[in-house]
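To start, the structure under review is shown below, and the notes come after it.
Just so you know, all these numbers are worked out from the coordinates, no wet-lab data involved. Everything quoted here is computed from the prediction, not taken from an experiment. Cβ placement follows ideal geometry from the backbone for every residue including glycine, while neighbour counts extend to all protein chains displayed.
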Amino acid sequence: MNLERIPSGIMGLDELIGGGFQKGKTYLISGEAGTGKTIFCLQFTLEGLMNGKNTVYLTIDERPAHLVQDAATFGWDLDEPIRKKRLNLIDITPEFSELRMGKFKGDVENQKILDEIRDQVKKVKAERVVIDPIAPMFASSENQFQLREYIRQLMFSLDELGTTNLVSSIIDTGSNMISKFGVEEFFASGVIVLWMEREEMAYNRVMMVRKMRGTPIDLRVRKFTIDSKTGITLYG
């Protein structure tokens with residue numbers, strides 16, 4: 001069975017992943033700070049909006065107003081789709097104030113965010129969901145089994161929405177892991193990793209498609225640029 005493919009919005013990527021993301025699946029975008037994770041998520045969002053696909057975008061580490069301003073520096077207008085209720089840009093930081101204070105109640109907090117996502121998807125009839133980033137939703141103090149279960153529950157619940165989803169995860173600088181907690185990648189249908197690679201006296205941004213279920217992939221590392229007008233462009 002051939003599932004419908006959803007364009008990523010990243011120039012040069014779709015031909016590497018069978019024509020785009022599989023509809024209704026959840027994908028992980030991970031990388032160190034400054035590698036372009038949020039820009040990737042914004043391009044995915046904008047590609048959908050330009051083609052009539054409404055989106056719910058949940059931000060945790062950045063205020064929605066700042067995200068709108070950042071997008072505007074690339075010439076991307078988020079204000080209009082927000083006004084037209086085609087984009088729901090939500091700051092869910094308050095939901096996790098207890099988590100940041102070390103009072104995380106895993107099942108309770110997890111259910112709250114899942115209910116919020118479902119409500120917002122229905123409200124704007126969204127076909128895409130972005131969570132940027134996923135890490136602050138979980139307390140690193142939780143034991144590995146509980147943490148794995150909370151992330152599994154979230155990822156599987158996203159798949160049940162019928163939307164195509166991106167979640168981002170930061171990688172600590174110098175770490176050999178490909179996600180913050182080392183478990184996110186197991187439950188995502190695909191994993192794309194971004195990082196910095198040193199070349200003589202300069203650093204290049206590079207990308208690798210690490211995992212893509214149901215899709216033959218090329219594991220070569222490819223450079224990409226971030227342009228002030230087009231955003232991320234993959235080459236090589």
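Between beta-carbons, use under 11 Å as the cut-off and find the net charge around Thr59, counting Lys and Arg +1, Asp and Glu -1. Taking every other residue near Thr59 into account, the sum is -4. What the Cα atoms of segment 1-71 give is an Rg and a Dmax of 13.1, 42 Å. Cross-link partners for Lys180 among the lysines, with Cα-Cα distance under 17 Å and sequence neighbours closer than 8 places in the same chain left out: Lys37, Lys211. The longest stretch of the chain left intact once loop-based trypsin sites (Lys or Arg not before Pro) with at most 15 other Cβ atoms within 10 Å are removed from consideration, loops following DSSP, is 126-212. With the helix formula -39500 (n - 2.57) applied to DSSP H stretches of n ≥ 4, the chain reaches a computed 222 nm mean residue ellipticity of -9000 deg cm²/dmol. For the listed residue pairs Lys25/Lys229; Lys25/Lys112; Lys23/Lys123; Lys53/Lys85; Lys53/Lys223, the alpha carbons are over 23 angstrom apart in Lys25/Lys229; Lys53/Lys223.
Please get the size of the charge dipole for segment 106-218, origin at its Cα centre, with Cβ charges of +1 on Lys and Arg and -1 on Asp and Glu, quoted in debye to the nearest 20.
My answer is approximately 280 debye.
Here segment 23-203 is treated with +1 on each Lys and Arg Cβ and -1 on each Asp and Glu Cβ, and its dipole about the Cα centre works out to around 700 debye.
Projecting the Cα atoms of Leu67, Thr173, Gly214 onto the charge dipole of the chain, computed from C-beta unit charges around the Cα centre, puts Gly214 farthest toward the positive end. Each label was represented as a point 7 Å from its Cα along the Cα-to-Cβ direction; for Glu62 and Lys125 these points are 2.9 nm apart.
For segment 23-203, a Kirkwood radius taken over Cα pairs fed into Stokes-Einstein (25 °C, viscosity 0.890 mPa s) yields D = 146 µm²/s.
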